[in-house]
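A.B. asks: Take this structure first; my questions come after.
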Amino acid sequence: MKKNTVRALAVILLAGLALGPGQALAEAKAVKITAIVEHPALDSVRKGVIDELAAQGFKDGDAIAVEFQSAQGDVGIAGQIAQKFVGDGPAVIVPISTPSAQAVAAAAKGRVPVVFSAVTDPVAAKLVPEWKKPGANITGVSDLTPLDKQLDVVKRMVPSLKNLGVPYNPGEANSVVLLNKLKDVAQPKGITIIGAAAPSSNDVLQAGRSLVGKVDAMFVTTDNTVVSALEALVKVGTEAKLPLFAADTASVDRGAVAAVGFDYYDIGRQTGAIVARVLKGEKPGDIPVEGVEKLQLHLNARTAKAMGIALPEDLAKQAAKVVE
Amino acid sequence: MSLIAFLGAIEIGLMYGLVAIGVYLSFRILDFPDLTVDGSLPLGAAVGATLIVAGVPPVVATLAGGLAGGLAGLVTAWLSVRLGILHLLASILTMIALHSVNLRVMGKPNQPLLGVDTVFTPFESLGLSPYWVTPVVLLGIVAAILLAVNWFLGSELGLAMRATGANARMARAQGIHTGWLTMLGIALSNGLVGMAGALFAQIQGGADITMGVGVIVVGLAAVILGEAIVSPRVIVIALIACVLGSIVYRLTVALALNAGFLGLQAQDLKLVTAVLVVVAMVLPGLRRKYAGSKAVAR
């Protein structure tokens, strides 16, 4: 009996210890940022948010206090981070990626201003009812890629394009949304999209090889799994003379022939601008959800040659960067 | 730590408490190392979320999530008992297969549940603050399930199941059909986990294909942590220990999230959590040793 009392005391002590520290300093406005996982693209978003806020006079450690937590890929921890942030009563919460945004929206229950970032389809994720007028205490920036422009570039560089292979992870919400949108955009152009499932980065090589002989080119969306194993597709593309296109400019440096894309850092800057407006007193519900604004064309002359296609002169002139 | 973060930890701790009870049934009662839970938790979430969105009452959807989890457990046990596949491998096979099943059930990797009525919605009008509603309702659900499992394990069937886990050969000699009882027990275990998944989707604002990653690790940690804190001798206390262990685990995560003042950063979270769990496990032992030596001195 006595032992149990001591044990109960130990548990209460632990709980008390947990409740003790953590009264936030109320001087600077608190900005809380969370992402589902630490990942180069998502990290650039966070850096962009902080830089833009500093540029607008909200310097971290001065006018605002920024706290960052990563859920380390664990949805349960994402929920706990969301609840911690809401409990701290910050000026704004900035969730990066769809699962983090959903967890924060569920915990905030409309009481804390939320500005999400890098959510591909905020309407399908039920974060907002519509892009133009979010209404509730939430808005943000979508990272939906400009698929139409991307397909045009692929078509320009591979004029005989009939079938386009798209390796993707069927377990990534954003990728499935993109694949379906891609099919809609491709149909009027007379292009058939052929998906190849790669449930983990170890499966990307096999997925790429399964497309050889069936398609005229390969296209990679902003699929986290496939992008992390992009080198496997560069290998397949070089071996089979199958040009590889990407949706983010960073992949061009790694071997994709071309990409009309955006830098996640710019998405972060765009998000930071909205956060600044909220800090100045605007209601998130009155700010429309924004899409990607800054687009760039990057080309890779070296892999274009290796994958057996020529770079059109005029495209090379338009390009912001040509990797030799 | 704020009150909301504290209540949030209790809430997720109670939810994982159901997982811990499920893991206790498979690992401890039946001595069957079952990894199916990494697939049956998202399965329950997927079934629950999809049905709620389709207009099925949330209570029915939650129970259906449990039923789906139970079926997944039945598959694992059947592979092991009837086809003679090693239990660990059988559960891994089911877990892998469930990834595809879960994608099929939802038709996409993520099924949002924001702004939809859940099992917690009817209680929100009772005047409690919304941050209290979920943990209080969950406490009721978990307590009811805990008592039901306790009653079951004390029944004739439950005793036969415990005998199956303790000594299968002896149990068979007593005329117990150990195969059937293993199938029932693993189904029950995964049924609880599936139900936890359906509840989790309603707490979290949606079901996601990745939510099963590492569930078994967290469930086992809760069981072992609970045993370290309480050192239970009877079933009901062992079940309470599972839930308690799960809550303590979540409190340590919440504590780790607040460890910023020590100069720790976001990427240190799992390390800090692991260290805190080690401390929570070692402390009762040290105290016992200390109490023991004092007794000898007397």
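The values are calculated or read from the model by the stated rules, or taken from the named source; none is laboratory data. Values in this document were obtained by computation on a predicted structure and should not be read as measured data. Cβ atoms come from the backbone with ideal geometry, glycine included; neighbour counts cover every protein chain shown.
A.B. asks: Answer yes or no as to whether B:I96 is free of Cβ contacts under 8 Å to residues at least 60 places away in the same chain and either crowded, with 24+ Cβ neighbours inside 10 Å or within 14 Å of chain A (Cβ to nearest Cβ) (or both).
C.D. replies: Details: free of Cβ contacts under 8 Å to residues at least 60 places away in the same chain: yes; either crowded, with 24+ Cβ neighbours inside 10 Å or within 14 Å of chain A (Cβ to nearest Cβ) (or both): yes.
The answer is yes for B:I96.
A.B. asks: Go through the stretch A:61-117 and count every residue that is crowded, with 22+ Cβ neighbours inside 10 Å, part of a loop (DSSP other than H, G, I, E, B) and within 9 Å of another protein chain (Cβ to nearest Cβ).
C.D. replies: Adding up the residues that qualify gives 2.
A.B. asks: Does A:A304 meet the test of being more than 30 Å from A:G140 (Cβ to Cβ) and small (G, A, S)? Can you show your working first?
C.D. replies: Details: more than 30 Å from A:G140 (Cβ to Cβ): yes; small (G, A, S): yes.
Yes; evaluated as a whole, the condition is true for this residue.
A.B. asks: Filter the stretch A:266-324 for residues that are touching an Asp or Glu at 6+ places or on another chain (Cβ under 9 Å), free of Cβ contacts under 8 Å to residues at least 40 places away in the same chain and under 30 Å from A:I50 (Cα atoms) and give the result.
C.D. replies: Those that are touching an Asp or Glu at 6+ places or on another chain (Cβ under 9 Å), free of Cβ contacts under 8 Å to residues at least 40 places away in the same chain and under 30 Å from A:I50 (Cα atoms): A:E293, A:K294.
A.B. asks: Please report, ordered by residue number, the helices (runs of 4 or more DSSP H) entirely within the stretch A:121-214 with at least 3 residues that are within 14 Å of another protein chain (Cβ to nearest Cβ), within 23 Å of B:V53 (Cα to Cα) and among the aliphatic types (A, V, I, L, M). Reasoning before the result, please.
C.D. replies: Details: elements: A:147-157, A:173-186, A:204-211.
Output list reads A:173-186.
A.B. asks: Additional query: Look at the stretch B:261-285 and say how many of its residues are more than 22 Å from the chain's Cα centre (by Cα) and either buried (at least 20 other Cβ atoms within 10 Å of the Cβ) or at the interface with chain A (Cβ under 7 Å from one of its Cβ atoms) (or both).
C.D. replies: Adding up the residues that qualify gives 5.
A.B. asks: Return a yes/no flag: does the stretch B:29-51 have any residue that is touching an Asp or Glu at 6+ places or on another chain (Cβ under 6 Å) and either among the small types (G, A, S) or crowded, with 24+ Cβ neighbours inside 10 Å (or both).
C.D. replies: Of all residues in the stretch B:29-51, those touching an Asp or Glu at 6+ places or on another chain (Cβ under 6 Å) come to none.
No - not one qualifying residue is present in the stretch B:29-51.
A.B. asks: For the stretch B:53-79: of the residues being more than 22 Å from the chain's Cα centre (by Cα) and touching a residue at least 12 places away in the same chain (Cβ under 8 Å), which is farthest from B:P42 (Cα to Cα)?
C.D. replies: Taking the stretch B:53-79 and keeping what is more than 22 Å from the chain's Cα centre (by Cα), we get B:53-57, B:79.
Among the residues that remain, those that are also touching a residue at least 12 places away in the same chain (Cβ under 8 Å) are: B:53, B:79.
Working: B:V53: 16, B:L79: 21 Å.
Per the criteria, the residue is B:L79.
A.B. asks: Quick check on A:D216: is it acidic (D, E) and in contact with an Asp or Glu (Cβ under 9 Å, 6 or more places away or on another chain)?
C.D. replies: Working: acidic (D, E): yes; in contact with an Asp or Glu (Cβ under 9 Å, 6 or more places away or on another chain): no.
No, not satisfied.
A.B. asks: Identify, from the list B:S129, B:S155, the residue that is within 14 Å of chain A (Cβ to nearest Cβ), loosely packed, with under 14 Cβ neighbours inside 10 Å and without any contact (Cβ under 8 Å) to a residue 40 or more places away in the chain.
C.D. replies: Among B:S129, B:S155, only B:S129 is within 14 Å of chain A (Cβ to nearest Cβ), loosely packed, with under 14 Cβ neighbours inside 10 Å and without any contact (Cβ under 8 Å) to a residue 40 or more places away in the chain.
A.B. asks: Contact list please: Cβ distance under 8 Å, first residue in the stretch B:271-295 and under 20 Å from B:A222 (Cα atoms), second residue of a type in the set (A, V, I, L, M) and modelled with pLDDT under 80, pairs at least six apart or on different chains.
C.D. replies: Hits for this filter: B:V272/B:A259; B:V272/B:L264; B:A280/A:L14; B:L283/A:A10; B:P284/A:A10.
A.B. asks: Would you be able to tell me the number of residues in the stretch B:193-235 that are surrounded by fewer than 24 Cβ atoms within 10 Å (Cβ to Cβ), under 20 Å from B:L147 (Cα atoms) and of a type outside the set (V, I, T)?
C.D. replies: Of the residues in that region, 4 qualify.
A.B. asks: Is it fair to say A:K305 is at pLDDT 90 or above and of a type in the set (K, R)? First the steps, then the outcome.
C.D. replies: Values: at pLDDT 90 or above: yes; of a type in the set (K, R): yes.
In short, yes.
A.B. asks: Answer yes if at least one residue in the stretch A:33-44 is at pLDDT 95 or above and either more than 9 Å from chain B (Cβ to nearest Cβ) or on the phi < 0 side of the Ramachandran plot (or both), and no otherwise.
C.D. replies: Looking only at the stretch A:33-44, we keep the residues that are at pLDDT 95 or above, and these are A:33-34.
This time we only want the ones that are either more than 9 Å from chain B (Cβ to nearest Cβ) or on the phi < 0 side of the Ramachandran plot (or both), so: A:33-34.
There is at least one residue in the stretch A:33-44 that is at pLDDT 95 or above and either more than 9 Å from chain B (Cβ to nearest Cβ) or on the phi < 0 side of the Ramachandran plot (or both).
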